Amino acid sequence: MAKRLSLLAGVVFLGYFLFSLGGLALQSHQLAQREAAVQSDIVRLKAENERLATAVARLQTPSAVEELARQQLGYLKPGETAVVVDFGPSGPPRDLPTATPTPRANWQKWLDTLAGR
């Protein structure tokens, strides 16, 4: 009876050990996936940071500041005159659509072919 009890205790202990080991393996796998996602975010954010740093450096030049002041704020240099074109409520003129020829019916194509046209 003591042998069976110790065998049963050993099986229970082994089952618990394997169950715990499986949980740790799953947790390790999830952490590895999370690490990969964080690493890809780091790479993406570094590239974005580099792009923004380049944009900031470019926008700190006098020519870029002048361009932004002219485009976004409507600033002019002394002696310049602004011209505003008002197209009215319809907006700027658009290209008129070109008419597409009406396709001929199949029987008309056959008639032209047989008549040698």
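The values are calculated or read from the model by the stated rules, or taken from the named source; none is laboratory data. Here the structure is a predicted model, which means the values were calculated and not measured. A quick note on method: Cβ atoms are made from the backbone with ideal geometry, for glycine too, and the neighbour counts reach across all protein chains shown.
Is it fair to say Val85 is hydrophobic (A, V, I, L, M, F, W, C), exposed (fewer than 10 other Cβ atoms within 10 Å of the Cβ) and outside any loop (DSSP other than H, G, I, E, B)? Before you say what the answer is, go through the steps one by one.
Working: hydrophobic (A, V, I, L, M, F, W, C): yes; exposed (fewer than 10 other Cβ atoms within 10 Å of the Cβ): yes; outside any loop (DSSP other than H, G, I, E, B): no.
Taking the combined requirement at face value, the residue does not satisfy it.
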Among the listed residues Leu52, Leu45, Leu26, Leu59, identify the single one that is at pLDDT 85 or above and touching a helix residue (DSSP H, G or I) at 6+ places or on another chain (Cβ under 9 Å).
Leu59
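From the residues in the range 97-115 that are over 41 Å from the mean Cα position of the chain (by Cα) and among the polar types (S, T, N, Q), which one is surrounded by the fewest Cβ atoms within 10 Å (Cβ to Cβ)?
Here the answer is Thr102.
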For the range 52-72, enumerate the residues that are part of a helix (DSSP H, G or I), surrounded by 10 or more Cβ atoms within 10 Å (Cβ to Cβ) and not small (Gly, Ala, Ser).
Leu52, Thr54, Arg58, Leu59, Val65, Glu66, Glu67, Leu68, Arg70
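Take Lys46 and tell me if it is outside any loop (DSSP other than H, G, I, E, B), charged (D, E, K, R) and more than 32 Å from the chain's Cα centre (by Cα).
Values: outside any loop (DSSP other than H, G, I, E, B): yes; charged (D, E, K, R): yes; more than 32 Å from the chain's Cα centre (by Cα): no.
No.
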List every residue pair whose Cβ atoms sit under 7 Å apart, with the two residues 6 or more apart in sequence or on different chains, where the first one lies in the range 45-65 and is without any contact (Cβ under 8 Å) to a residue 12 or more places away in the chain and on the phi < 0 side of the Ramachandran plot and the second, anywhere, is of a type in the set (A, V, I, L, M, F, W, C) and surrounded by 10 or more Cβ atoms within 10 Å (Cβ to Cβ).
Arg58/Ala64
